[in-house]
Amino acid sequence: MVFWKRLAGVSTSLVLAAALAACGAGGNNNNGGEAASSPSGTSSSDSGSSGEQVKLRIMWWGSQQRHEATLDALELYTQQNPNVTFEPEYSGMDGYLDKLSTQAAAKNAPDIFQIDPGWVADWASRGSLADLTDGVDLSEVDEKLANGGKFDGKQYAIPLGSTAYGMIYDKAALEKLGLTAPENGWTWDDFFALAKESKSKLASGQYFTKDYAGDYFAFSAYHYAQGKGLLVTEDGKFNIDEATFLDWTKKFQELRELGVVPPADVNASDKEFDPTGDLMVKGTILFRLGFSANFVSWDSLKADAYAMVTMPRGAEAGGWLKPSLFFGVSENSQHAEEAAKFLDWFTNSPDAVKILGTTRGNPVNNKVSAELLSTFSEADQVGIELYNATLPDGQQWVAGASGWTNWIDKDWALIRDELSFGKKSPEEAFASLKSTAQEYES
């Protein structure tokens, strides 16, 4: 994960997008009737299609709410463009990258597929993404969001939303236990103190938070909050401060020994957004890390149960702002032109934005977001408030060095499990991360 140091120069359009950030994600999947006008002034149903019958394979991960909204959008696009149909593939995050990578290696990737911002440089550099520079109108999208999808000056991925990284918690459970809810601007000292305070109040089988000792993104927030910067420099060098890593992992080791984070097997069983597998939804934990864009998904699983708060801070803010997700088009797609036309509609059509709501973050088209202000739900507003609270001094993400995806997604996952199961000490975990990083350094 790589970030901009400060938000100096955040554009007016980004601030507007934050303030207007979402549109009816709480189930407002209105397919509409008449074709709306796109920002370019053309009908969203007149995509300039050749009339040839085309079936586009499209793949994404997410919550059930995202699945339903996306399927509704695909259905509307086919209504407006009868020559284009879709073959959707969707799932949770678990196993998604492995499946997509296998398909891409076999030159059988979907025509359109969702990618995390951190994957863009890797996928573009190895020729897996089609050039979309001239295929999608991004004139109403903040330049910093759009730039997250660029590599070597070309647009290889289209931003789908913007989001802030913070924490979500079970407000009802917290109140029942007599614990004071945190406020925006709280610190990591506050976080660990509240975790220890919870020990005497937690019910059997209930825990304060997940065991985040070896979690890449959680530690990124802590490392940044301590003023230590990036875990990997923008030129591809290992940059983890050892003292900060040991401080973090030993704090969680203490929480593990106190019994306020789950045992290793319970921790490993967590499946985010799964109604029967998400530890917070099950009531097993009170706090977990989360993006503002995802609040509506949790709210859909247990309405009015949750609240959000900024990531704890230290010397600097711990939370950050980032493009939430991207869509890319396979370099091997036989229908790349039609895929790009669809992505243009997905980004710029008021019909599409209204259906999709905040299921992938704050809508990126600033003009359309402003037009749909009145459709925002109460759940949307919670995510908006976290975004706005993070905006003044939060860190902001950039794509960073290419070639580190496996280190982040696989090497850190191994360290996470080894720490949780007690297979490695904090010192051994750091040595392992530093050693494996040498394979990736440019």
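Scan the stretch 211-228 for residues that are open to solvent by 10 Å² or more (accessible area, probe 1.4 Å) and either free of Cβ contacts under 8 Å to residues at least 40 places away in the same chain or touching a strand residue (DSSP E or B) at 6+ places or on another chain (Cβ under 6 Å) (or both) and report the count.
1
Consider residue 270 against the criteria (1) buried (at least 23 other Cβ atoms within 10 Å of the Cβ); (2) closer than 14 Å to residue 209 by Cα: it satisfies all of them except one. Which criterion is unmet?
(1)
I need a count of the residues in the stretch 129-185 that are among the hydroxyl-bearing types (Ser, Thr, Tyr) and out of contact with any strand residue (DSSP E or B) (no Cβ under 6 Å at 6 or more places or on another chain).
2
Report, by residue number, each residue of the stretch 151-171 that is touching a residue at least 60 places away in the same chain (Cβ under 8 Å) and either open to solvent by 60 Å² or more (accessible area, probe 1.4 Å) or acidic (Asp, Glu) (or both).
Of everything in the stretch 151-171, those that are touching a residue at least 60 places away in the same chain (Cβ under 8 Å) and either open to solvent by 60 Å² or more (accessible area, probe 1.4 Å) or acidic (Asp, Glu) (or both) turn out to be 170, 171.
Do we have any residue at all in the stretch 325-333 that's modelled with pLDDT of 90 or more, surrounded by fewer than 19 Cβ atoms within 10 Å (Cβ to Cβ) and part of a helix (DSSP H, G or I)?
Checked the stretch 325-333: no residue is modelled with pLDDT of 90 or more, surrounded by fewer than 19 Cβ atoms within 10 Å (Cβ to Cβ) and part of a helix (DSSP H, G or I).
Does any residue in the stretch 403-419 that is on the phi > 0 side of the Ramachandran plot come within less than 7 Å, Cβ to Cβ, of a residue that is surrounded by 16 or more Cβ atoms within 10 Å (Cβ to Cβ) six or more places away or on a different chain, and which pairs are these?
Here the result reads 403/122; 403/236; 403/440, each pair linking the stretch 403-419 to a residue that is surrounded by 16 or more Cβ atoms within 10 Å (Cβ to Cβ).
At least 1 residues that are under 17 Å from the mean Cα position of the chain (by Cα) and crowded, with 22+ Cβ neighbours inside 10 Å in each: list the strands (runs of 3 or more DSSP E) lying fully within the stretch 47-122 that qualify.
It comes to 54-61, 112-115.
So which residues in the stretch 180-202 are surrounded by 16 or more Cβ atoms within 10 Å (Cβ to Cβ) and free of Cβ contacts under 8 Å to residues at least 40 places away in the same chain?
194
The values are calculated or read from the model by the stated rules, or taken from the named source; none is laboratory data. All of these numbers come straight from a predicted model, not from anything done at the bench. No Cβ is skipped: glycine too gets one built from the backbone with ideal geometry, and neighbour counts run over all protein chains shown. In case anyone asks, the SASA skips ligands and DNA or RNA and just uses the protein heavy atoms, side chains included. Shrake-Rupley method; radii C 1.70, N 1.55, O 1.52, S 1.80 Å.
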